[in-house]
Each structure stands twice: as C-alpha cells, then as structure tokens.
Amino acid sequence: DLTDNVRFTGSFDSVLAAGLEFCRRCQAVGATLNEIDLSETKGDLETQLRKEIGSTKEFLGEEYDHLTKSARLTEKTWNKIDWSWKQHGEHQWTGRSLAAHLSLLMYASETIGLSPGEFFMAMELVRALGRDVQANEKRWDEHLGIHYQYFMDLDRWTQIILTTGREWHYVRLPHTEWTARMVTDASAWGWAVAAVDRKGNLFCHREQWT
C-alpha cells in the first residue's frame, strides 16, 4: 500500500517523535511512503525525518514552511487558477466551469488570509449560480452570460489571488477558546444566521425584515 497526505504539526521534537512512530507502524504493515525510505535503520530514518521537518512541504494544494509558520499556494494550484481564467475569459463560462473557478478562489483565499466577503458582487454570482442550476440542471453545461459588474468583481478577486498567491503568508491560528462559529447572510426578504458549537451542534435562525 502507498501512504500519502499525512501531516503532523507541533514542536520539532514532538513532530520528530510522531514521525518515527508513524514510520515504525508503516514498516510493520509493509506500507511505503513517497519521501521516506522505510528500508533504512532507525538512525537513518531519523536523519531523513529531520531533513523533511526542516524544509517546506506541499499538502493538498498548499505549501507550508513550518519554520516561519507560513503558507502559500503550490505552483500547481496557482496554475489551475491562471489557466481557468485565461481559458474562459468574459464570455466562455458554463455553470460547471464557473463553479470550479469559484471553488478555487474560495480555497486560495483561505490560504492567503483573504476574506471572500470583500467581493460582494462575486458572492452574489455564487448565489445566483446556485439558484440557476438548482432550477435547471442543464445550466451546468450551458454557456452563461455574466453581467459586467459581476465579471469585474470576479476579475478583481482572481487577480489578487494570482498576484499574491505564491507569496508566503503567515498562518494565523484560530483562537483556542472559541465556543461557536457563526455564518450570517441576508436578502431582500430578511436575514439568517447559522452557528456550529464545539460539539458539532447546529443552530439556525431567520427573520423577515420589518
């Protein structure tokens, strides 16, 4: 078996200990790793792990530098966004290709610490697309006409990602004492809120404007 996409975080010594234990268990079941030669002795394994811990690593579309606690998009992720934008331009989008591009932007925004809330018109496009394909599934593969205002905001969002995505960004860890995460939204009809607590309980509430 091939083991991939495993990540440990913590102090250097704790990550080293966890890595050695993980390698030992992989050896026991005959698994293989992409970047560690498990046929080596324990001493050689530790040498390999020390080198890996001290370098930048790629994981699920992001590149991490554990020494500076920073992250950036991998070249592959950046290229996907760049290709998507150049391929479709202003008039060549389908529901499917637009949804894929928006998903990439949402993911990349998390990496560089950019709030999607800064792009109101583009987020309106997300909601409009959702309503459109829900009403008619054929819209997934039909060409869409995107209003100029929506397109300009989508372009602004994309260009910020392409300009800064390959720069290193300090990873800001969430506060450990949080009790719930909350998401709000509003429309011409009213407003709504959804909150999830630390145990996974979901709370929702909505009101009509008065």
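Since every read-out is calculated from the coordinates, none of them should be taken as a lab result. These numbers were taken from a predicted model, which means no experiment stands behind them. All Cβ positions, glycine included, derive from the backbone under ideal geometry; neighbour counts span all protein chains shown.
Across the cross-link table entries Lys57/Lys86; Lys57/Lys80; Lys51/Lys199; Lys76/Lys199; Lys51/Lys86; Lys80/Lys138, which are compared at the Cα atoms, the separations over 30 Å belong to Lys51/Lys199; Lys76/Lys199; Lys51/Lys86. Taking Cβ atoms as reference points and 13 Å as the exclusive limit, the residues near Phe203 contribute a net charge of +3, counting Lys and Arg as +1 and Asp and Glu as -1.
Under the √(5λ) rule applied to the eigenvalues of the Cα gyration tensor, what semi-axes describe the equivalent ellipsoid of the range 59-202? Give them in Å, descending.
Details: eigenvalues 148, 110, 33 Å².
Equivalent ellipsoid semi-axes, largest first: 27, 23, 13 Å.
Let me know the whole percent of all Cα-Cα pairs from the range 156-210 that are separated by more than 19 Å. When all Cα pairs of the range 156-210 are counted, 59 percent exceed 19 Å. Mean-square fluctuation check for the chain, GNM, Cα pairs under 10 Å: which of Val193, Val133, Val15 is largest? For the chain, modelled as a Gaussian network with Cα springs under 10 Å, the answer is Val193. Sorted into 5 angstrom bins from 0, the C-alpha pair distances of the range 1-132 split as 2, 8, 15, 16, 14, 10, 9, 9, 8, 6, 3, 0 percent. Potential lengthening of the chain between Leu202 and Val6 amounts to 67.6 nm, from the contour at 0.36 nm per residue minus the alpha-carbon distance. Sequence-ordered 3J(HN,Hα) estimates for the range 142-151 from the Karplus curve with 6.51, -1.76 and 1.60 and θ = phi - 60° stand at 9, 5, 9, x, 9, 4, 4, 4, 5, 5 Hz, glycine and proline given as x. The range 140-173 and the range 39-105 have Cα centres separated by 17 Å. Entry note, the chain: relative contact order of 16 percent, from Cα contacts under 8 Å with a spacing of 6+ residues. If R0 is 22 Å, the Cβ-Cβ spacing of Leu20 and Thr68 corresponds to a FRET efficiency of close to 0.35. The modelled label-to-label distance for the pair Leu33/Met152, using points 7 Å beyond Cα in the direction of Cβ, is 5.2 nm. The phi-based Karplus calculation (6.51 cos²θ - 1.76 cosθ + 1.60; θ = phi - 60°) puts the 3J(HN,Hα) values of the range 191-198 at 9, 8, 9, 10, 10, 10, 8, 5 Hz, whole numbers, x for Gly and Pro. Considering only Ile161, Ile36, Ile81, give the residue with the highest GNM mean-square fluctuation for the chain, with springs between Cα atoms whenever their separation is below 10 Å. Looking only at Ile161, Ile36, Ile81, the largest GNM fluctuation is found for Ile36.
Convert 25 °C to kelvin, take the viscosity as 0.890 mPa s, use the Kirkwood radius over C-alpha pairs of the range 62-147 as Rh, and evaluate the Stokes-Einstein diffusion coefficient in µm²/s, rounded to a whole number.
On the way: Rh = 14.2 Å.
It comes out at roughly 172 µm²/s.
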